[in-house]
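The values are calculated or read from the model by the stated rules, or taken from the named source; none is laboratory data. Bear in mind that the values here come from a model prediction, so they are computed numbers and not experimental data. Glycine also receives a Cβ, built like all others from the backbone with ideal geometry; neighbour counts cover every protein chain displayed. Accessible surface areas use protein heavy atoms only, side chains included; no ligands, DNA or RNA. Shrake-Rupley method; radii C 1.70, N 1.55, O 1.52, S 1.80 Å.
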Amino acid sequence: MLELIEVHTYYGNIHALKGVSMTVAEGEIVTVIGSNGAGKSTMLRTIHGILRPKKGTILLEGEALEKLPSHKIVERGISQSPEGRMIFPRMTVQENLEMGAYTRKDKAGIAQDFEWVFKLFPRLKERINQKGGTLSGGEQQMLAIGRAMMAHPRIMLLDEPSMGLSPILVGQIFETIVELNKQGTTILLVEQNARMALSIAHRGYVLQTGEIILHDTSAKLKEDPMVQKSYLGAN
Amino acid sequence: MKSFFRRFMRPIIAILVIYLVFLLGPIAGLDFPIIVGRIQESPKMLVQFLIIGLANGAIVAIIALGYTMVYGIIELINFAHGDVYMIGVFTALSTLSVTGALTTNNPVHLVLGIVAALVVAMIVCASLNVGIERLAYRRLRNAPRLAALISAIGMSFIVENIGLIWAAQSWLVPSFGTTGGGAQKSFPDLLSKIMISLNLDPNLLASTGLGLRFTIKDLLVIVLASILMIGLRFFIQNTRLGKAMRATAQNRDAAKMMGINIDRVISITFLIGGGLAGAAGLMAGLYNNTAWWFMGFRAGIQAFTAAVLGGIGNITGAMLGGFLIGLLAAFSDGYMDARWTNLWVFAVLVLILIFRPTGLLGEQVGEKA
């Protein structure tokens with residue numbers, strides 16, 4: 001469904017992605033694990049058109065994305081819950097969610113997706129008229145994911161949904177991600193928390209200083225001695 | 001560096017400013033016994049200055065909105081904005097001239113001429129402002145902020161000179177005896193003319209015998225400015241595009257990820273700001289009855305101060321700041337000396353920047369929970 005072919009991205013003079021290739025098939029949860037600064041967020045921002053690749057191609061169902069402006073990419077069915085959540089702090093929960101559906105015109109579908117979000121995150125419904133900036137960290141993460149759901153994407157990019165959350169909340173968020181995937185959303189999950197990510201993903205890629213160094217099913221990655229040592233904290 | 005400024009420089013500058021105010025105060029007409037005496041002598045004048053202050057403040061507020069909206073969305077002080085307003089004054093005057101409204105005594109013709117001048121001034125200023133953004137700011141959006149700021153000052157000079165050339169065209173701007181583009185041009189008092197042609201007194205309070213002046217000019221400015229402000233607030237709060245503008249102002253990258261076309265939203269911000277400046281141009285022309293190529297400078301400083309006073313980037317703040325600056329200017333004009341009004345406006349700007357850089361309203365909610 002989504003395919004990256006030899007993508008190179010620069011951040012100023014820094015060569016952040018050095019020829020990354022990967023695929024995500026329809027209905028999958030694919031995770032990209034890697035340490036801080038490996039280029040995970042750069043990859044998602046490149047897919048979304050916020051950053052431009054210098055070389056390489058990004059295909060969504062065979063159609064090239066890398067030259068499109070980001071609002072066109074969103075229209076093609078990609079949405080993102082970005083790193084650091086990036087909710088709109090001075091807009092209400094309701095308005096934040098409306099922004100998620102910005103490119104859509106189908107009123108009935110949007111109303112349905114509001115229900116979909118509130119069913120998954122009842123907390124957001126309780127806080128519907130509260131300003132985004134006044135929510136707790138966990139609630140902001142729910143809002144960021146809910147906002148990405150409002151685009152009713154074909155593929156959702158999740159950037160570090162576990163960041164800054166308590167283990168209980170992380171568990172809840174990951175259960176929600178599995179639930180979302182069961183309901184038909186393809187998911188590309190970027191995580192530092194490799195243990196959690198590999199526990200729910202079908203396949204995984206290991207990104208290290210801008211290069212994919214390993215790629216396998218989650219089960220096999222969990223057994224891999226290098227992954228165990230570097231990312232799962234085994235001795 | 002910042003804590004050094006907080007600890008040492010801030011009190012020093014504050015003391016310096018207060019010292020200057022007390023030193024220059026008497027020269028600048030800030031003589032409390034005299035002012036208090038004049039207020040006691042004629043409380044009516046206080047009400048009169050309040051009316052003048054509100055009307056002028058409404059105009060300042062409308063211009064300040066253009067500064068604050070642009071700052072809110074791209075963090076740029078659009079120094080050319082005051083000059084866009086000046087172009088609005090000349091566009092309105094030229095429209096009135098070309099449509100023959102300046103020479104007629106027919107009230108219907110006059111009203112239609114004024115409506116046409118409003119529409120044309122808003123369209124011209126909106127297009128000009130959008131053009132300025134395209135030409136001078138868009139390609140500098142990711143450059144260091146100073147580059148865009150200098151570009152803005154450059155655009156200000158260019159627009160001022162367009163105004164200077166415009167003012168010299170006698171077929172567009174009736175000269176009424178003045179020569180050259182540099183002179184102050186008269187903007188005829190058409191609103192009073194309408195009233196007189198209908199055998200009504202331009203002063204709406206004339207029959208009350210209070211001895212106060214609340215003219216048709218005050219009424220028009222306050223009503224029109226209120227309509228524009230309420231309309232703008234509704235647009236920003238409730239429409240899809242207005243929400244997209246707020247989202248873009250709060251987090252540009254996140255707005256892009258929502259599928260918002262940032263370039264378009266920024267263009268629309270300049271479009272609205274320019275349209276408001278055009279409307280302010282017509283109002284100011286009809287109210288103050290002058291047109292001058294350099295008038296955008298003073299108006300720009302007052303409006304910019306108003307925007308900072310209210311909290312730059314905050315729409316409600318700009319409206320509040322506009323009215324406060326208008327009142328301050330009216331009191332300074334009335335009780336001190338009109339020549340020193342700019343000093344007081346600048347003093348407010350300096351004091352606000354020292355003691356409350358976020359302005360009166362500032363940001364209501366922090367970025368992080």
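Candidate membrane-span-like segments in chain B, meaning DSSP H helices with Cα atoms spread over at least 27 Å of their own axis and a Kyte-Doolittle mean of 0.0 or above, are B:43-74, B:107-132, B:145-167, B:216-238, B:262-288, with no membrane implied. Peptide B:240-249 shows a mean partner chain C-beta count of 3 within 10 Å per residue C-beta. For chain B, rounded, prolate or oblate, judged on the Cα gyration tensor with a ≥ b ≥ c (square roots of eigenvalues), a/c < 1.5 rounded, else prolate if a/b > b/c? Oblate shape, in that a/c is at least 1.5 and b/c is the bigger or equal ratio. Of all lysines in the structure, those lying under 21 Å Cα to Cα from B:Lys44, and not within fewer than 8 positions of it along the same chain, are B:Lys217.
Measure off, as a whole percent, the carbon and sulfur share of the 1.4 Å-probe accessible area of the stretch B:31-355, all protein chains present. C and S fraction of accessible area: 69 percent.
Protection proxy ranking of A:197-203, B:305-311, A:108-114, by the mean of other Cβ atoms within 10 Å over each peptide's residues and highest first, is B:305-311, A:197-203, A:108-114. Rounded to the nearest 10 degrees, the angle from helix A:107-120 to the longest Cα principal axis of chain A is 70 degrees.
Counting other Cβ atoms within 10 Å, keep those with at most 15, restrict to DSSP loop, and tell me which GluC sites (Glu not before Pro) in the stretch A:60-133 are left. Mind dumping the intermediate values first?
Numbers: sites: A:Glu61, A:Glu63, A:Glu66, A:Glu75, A:Glu83, A:Glu95, A:Glu98, A:Glu115, A:Glu126; in loops: A:Glu61, A:Glu66, A:Glu83.
Loop-located and lightly packed - A:Glu61.
Interface area, chains A and B: about 2500 Å² of buried accessible surface, summed, with a 1.4 Å probe and ligands, DNA and RNA left out. Whole-Hz Karplus values for the stretch B:173-182 come out as 10, x, 7, 6, x, 6, 10, x, x, x Hz, taken residue by residue from phi with 6.51 cos²θ - 1.76 cosθ + 1.60 and θ = phi - 60°; glycine and proline positions read x. Relative protection proxy for A:149-160, B:42-53, B:268-279, from highest mean packing down: B:268-279, A:149-160, B:42-53 (other beta-carbon atoms within 10 angstrom).
Put a dot 7 Å past the Cα of B:Leu149, heading toward its Cβ, do the same for B:Thr316, and the two dots end up 2.9 nm apart.
Under the shape rule built on the C-alpha gyration tensor, where the axes satisfy a ≥ b ≥ c, the stretch B:269-364 is oblate, since a/c reaches at least 1.5 while a/b does not exceed b/c. For the segment A:75-85, counting C-beta atoms of other chains within 10 Å of every residue's C-beta and taking the mean gives 2. So what's the angle, to the nearest 10 degrees on a 0 to 90 scale, between helix A:167-182 and the longest Cα principal axis of chain A? Between helix and principal axis, roughly 90 degrees. Between the alpha-carbon centres of the stretch A:1-35 and the stretch B:192-249 there is a gap of 56 Å.
By the rule of a C-alpha distance below 14 Å, with chain neighbours fewer than 8 residues away ignored, the aspartates and glutamates paired with B:Lys193 are B:Asp201. Summary of the geometry: the stretch A:108-165 and the stretch B:287-365, compared by the centres of their Cα atoms, lie 41 Å apart.
Extension gain, B:Leu164-B:Leu210: 0.36 nm per intervening residue step, less the Cα-Cα distance, totals 12.3 nm. Placing unit charges on the Cβ atoms only, positive for Lys and Arg and negative for Asp and Glu, gives chain B a dipole magnitude near 1080 debye about its Cα centre. Of the chymotrypsin sites (Phe, Trp or Tyr not before Pro) found in the stretch B:130-226, those that fall in a DSSP loop while having at most 14 other beta-carbon atoms within 10 Å are B:Trp171, B:Phe176.
Can you list which of the trypsin sites (Lys or Arg not before Pro) found in the stretch A:2-91 are DSSP loop residues with at most 11 other C-beta atoms within 10 Å?
Numbers: sites: A:Lys18, A:Lys40, A:Arg45, A:Lys54, A:Lys55, A:Lys67, A:Lys72, A:Arg76, A:Arg85, A:Arg90; in loops: A:Lys67, A:Arg76, A:Arg85, A:Arg90.
Within the stretch A:2-91, the qualifying trypsin sites (Lys or Arg not before Pro) (loop, at most 11 other Cβ atoms within 10 Å) are A:Lys67.
When the charge dipole of the protein assembly as shown is built from unit charges on Cβ atoms (+1 for Lys and Arg, -1 for Asp and Glu) and taken about the Cα centre, the candidate among A:Asn13, A:His71, B:Asn129 whose Cα reaches farthest toward its positive end is A:Asn13. The lysines whose alpha-carbon is closer than 21 Å to the alpha-carbon of B:Lys243, local same-chain residues fewer than 8 away aside, are A:Lys72, A:Lys105, A:Lys107, A:Lys125, A:Lys131, B:Lys256, B:Lys368.
Beyond 28 Å in Cα-Cα separation lie the following of the pairs A:Lys18/A:Lys222; A:Lys119/A:Lys222; A:Lys119/A:Lys229: A:Lys119/A:Lys222; A:Lys119/A:Lys229.
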